[in-house]
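Worksheet: the structure to be examined is printed underneath.
Each reported figure results from applying straightforward, stated rules to the coordinates on display, with no laboratory input. In this text, all values refer to a predicted model and were calculated from it rather than measured experimentally. Every residue, glycine among them, receives a Cβ derived from its backbone with ideal geometry; neighbour counts consider all protein chains shown.
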Amino acid sequence: MQNEVIAYKDGVTLLDTQSVSPEKASSYEKVLFDNSDDALEVIRHSTAHLMAQAIKELYPEAKFFVGPVIEDGFYYDFRVDNKISDSDLKAIEKKMQEFAKAKLPIEKASYTKDEILKKFADDDLKQEVLLRIPDGEVTTYKQGDFEDLCRGPHVPNTRYLRFFSLTRVAGAYLGGDETKEMLTRIYGTAFADKASLAEYKKMIEEAKKRDHRKLGNELKLFTFDEEVGAGLPIWLPAGARLRSKLEALLFKAHRVRGYEPVRGPEILKSDAWKISGHYDNYGDNMYFTTIDDSEYGLKPMNCLGHIKVYQNDVRSYRDLPLKFFEYGVVHRHEKSGVMHGLFRVREFTQDDAHIFCTPEQIKENVLEILDFVKHIMKTFGFEYELEISTKPQKAIGDERYWEVATQGLKDALDENNITYGIDEGGGAFYGPKIDIKITDALKRKWQCGTIQVDFNLPERFNLHYIDATNEQARPVMIHRAILGSFERFIGILTEHCAGEFPFFLAPTQVVIVPIGENHLSYAKELGMQMIENGVDFEISSKNESLNKRIRNAEKMRVPMILVIGDEEVEKKSVALRDRRERRQYNLTKDEFMSIIKEKLSEVHF
Ligand SMILES: [Zn+2]
Ligand SMILES: [Zn+2]
């Protein structure tokens, strides 16, 4: 079936083979049955219907809402009487295989809106879907006796759909509206050939092994506690060591780039959040309390503190750009269902900065930030891409500001031949932004840092500087975070490197294993010298066999292990096992210290 036409493309939209007449077909681009993005869109979309057909067969009372294609697969939301769990997926898959083998033709039909409303009169979920589509012609697709509302396009028959897998069951509010009922959602994926599906399944297995929640527990990095509350990470010593190393490196990287560290309060009067617009536009995500009859809000962003720093002095154009940074702790109300390890939490620390500059300086500052991003991502081996997000529905400020700011971002990238995607309507409520999306070792994409250009908050807080003609002028504010948050970034990094953190970040960089009691004091001496050199160590002196102690250090993914016996004590040397290089060698103490010093000095963002 490879190389068979499953759809056409008119440049932008995918067209159904059944909608294109043979005469017109030659004028469209062909979409062949393979693993291209366009083909996968059609295949996965068709597989979502195949899944719905199988569910309907197994659960005749099932009613279906929508079943879109997503990043690497598809889902379908539906209602059934029974509770469906992961263990039911096999049976649904089996039924799907049956329908696939039957090579059922997938046939398109057209109706008027009135006809279709009547046709699905007793299906309240389809009525919900119909509310969301414009009047006019409505199409359905039928395979066997299963007919579903859809725009298409689809593969010509079910025989094309053989390489699929259902991945998990979840709950989803109807239309994402939490005041509505909870539907069942099944996620799955599909490919054009067996090998691609096998590769995908392997990746999912690998992802499970690398799950940062699992590794975070094994490596004792962080924990959560019901008594403390959901989404509130507790950093254990090893995790806190790792994190503080990242903080220290990043602190220095900010300083050499001219950023000044500042710090604002955790909790600010609601009056301030009203001026900024957070109260109206972001209030649902904030936590409030009352102190001495005044309402206060816990900060969900650090902007206000930095604005107050700016306002603390008279600013001249000669001072600009001013760059303030803070490891800002923020609190945001995430719904209880969406929290996920360190990826989605209610308290996190942003590597946040605000650059106050003249409008003319936007471009150079955006480029400078992108250069900063490049250094950091290269150090960790992350590939990344950029996306510009434009004005969202809920937004403050003049249309004019939005245009200038959005154009400023585009110009900065265009003039430097930096490629980017566009996310229409995905901006922050106060300005457009560039999102930084990184790709990890398993080729998964993660949204991390962001750069936002903002004309609105400077206006709302009446910020100014004295320009070259001695007049008052309005500065622009650039909000930016590169890691995004330490929590999320460390979660991603943990999965990216499968817990094998680079030497400069590893919570314990060296484990010293003294063979006997009489080697302990030399082990301590070595350890103290390591601390002096900025390297964290542990001495493994438990009453366990040498092999067991070495294995423990390996299990904790410690990069270097030093074994100390009579010979090492006598010669002031070390027997080094470098796990990453899979090598063992004997070094003098001084040689070893210069190796670790060199390893650390190689790293700077
Ligand atoms: Zn469809
Ligand atoms: Zn900000």
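Across the chain, Cα pairs under 8 Å and at least six residues apart give a relative contact order of 9 percent.
Among the listed pairs Lys95/Lys142; Lys90/Lys208; Lys374/Lys410; Lys299/Lys374, those with a Cα-Cα distance over 21 Å are Lys299/Lys374. Under the combined filter of DSSP loop state and at most 13 neighbouring Cβ atoms within 10 Å, the range 526-603 retains these GluC sites (Glu not before Pro): Glu544, Glu581, Glu602. Checking every one of the GluC sites (Glu not before Pro) in the range 384-461 against DSSP loop status and a limit of 12 other Cβ atoms within 10 Å picks out Glu415, Glu424. In the chain, the ratio of gyration radius to Kirkwood radius, Rg to Rh, stands at 1.03 when only Cα atoms are counted.
The alpha carbon centroids of the range 1-44 and the range 217-290 are separated by 48 Å. By the rule of a C-alpha distance below 19 Å, with chain neighbours fewer than 8 residues away ignored, the lysines paired with Lys30 are Lys9. Between 0 and 90 degrees, the angle of helix 520-532 with respect to the longest Cα principal axis of the chain falls at about 70 degrees. Between 0 and 90 degrees, the angle of helix 546-555 with respect to the longest Cα principal axis of the chain falls at about 50 degrees. The charge dipole of the range 84-238, taken about its Cα centre with unit charges on the Cβ atoms of Lys, Arg (+1), Asp and Glu (-1) only, comes to about 920 debye. Across all directions, the average projected area of the convex hull around the alpha carbons of the range 5-209 is 12.3 nm².
Residues Arg168, Arg583, ranked from the fewest to the most other C-beta atoms within 10 Å, line up as Arg583, Arg168.
This ranking places Phe146, Phe455 by how few other beta-carbon atoms lie within 10 Å of each, fewest first, which gives Phe146, Phe455.
Lysine pair count for the range 510-601 with Cα-Cα distance under 25 Å and sequence separation of 8 or more or different chains is 24. Applying the Karplus relation 6.51 cos²θ - 1.76 cosθ + 1.60 with θ = phi - 60° to the range 400-405 yields 3J(HN,Hα) values of 4, 4, 4, 5, 4, 5 Hz, where x marks Gly and Pro.
Angle, helix 194-210 long axis vs. longest principal axis of the chain, Cα atoms, 0 to 90°, nearest 10? So the helix axis and the longest Cα principal axis differ by about 40 degrees. Restricting the range 62-165 to GluC sites (Glu not before Pro) that sit in a DSSP loop and have at most 12 other Cβ atoms within 10 Å of their own Cβ leaves Glu71, Glu137.
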